[in-house]
Amino acid sequence: MLLIPCPWCGERAQTEFTYAGDAASKRPDPETATDADWADYIYLRDNPKGPHDELWQHTAGCRRYLKVRRDTTTHAIIGSAPPHDDMEGDGGG
């Protein structure tokens, strides 16, 4: 079981959280994006190896969203932060 450090509640079991997506993904501008831009955004995802930033929601706790940096090769949780804060260290992407 993974333990995820919630910035507001402290360390909790992964079962209290819901994965909410890639924190590095940028939504296209609705005013200028083409159909191809939207198709890429919706269907194409990177599969990074190593540290990667993800969005999670603490659904069984404070219900807030947080950014979690997780190593995709070992599943180790490296850190967490509120969703709009920068996290220290390399990776995230």
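The values are calculated or read from the model by the stated rules, or taken from the named source; none is laboratory data. These numbers were taken from a predicted model, which means no experiment stands behind them. Glycine also receives a Cβ, built like all others from the backbone with ideal geometry; neighbour counts cover every protein chain displayed.
Out of everything in the stretch 9-29 that is at pLDDT 95 or above and surrounded by fewer than 13 Cβ atoms within 10 Å (Cβ to Cβ), what residue ends up being nearest to T72 (Cα to Cα)? Ranking the qualifying residues of the stretch 9-29, first place goes to Y19. Restricting H75, H52 to residues that are touching a residue at least 40 places away in the same chain (Cβ under 8 Å), closer than 18 Å to E11 by Cβ, of a type outside the set (S, T, N, Q) and out of contact with any helix residue (DSSP H, G or I) (no Cβ under 6 Å at 6 or more places or on another chain) narrows the list to H75.
Pairs meeting the criteria (first residue in the stretch 1-12 and within 12 Å of L66 (Cβ to Cβ) and among the aromatic types (F, W, Y), second residue assigned to a loop (DSSP other than H, G, I, E, B) and modelled with pLDDT of 95 or more, beta carbons under 9 Å, at least 6 apart or on different chains) are W8/H58; W8/G61; W8/C62; W8/R64; W8/P82. When I78 is tested against (1) under 11 Å from the mean Cα position of the chain (by Cα); (2) part of a strand (DSSP E or B), exactly one condition is not met: (1). When residues of the stretch 8-24 are filtered for being touching an Asp or Glu at 6+ places or on another chain (Cβ under 9 Å) and more than 12 Å from W56 (Cα to Cα), how many remain? Adding up the residues that qualify gives 2.
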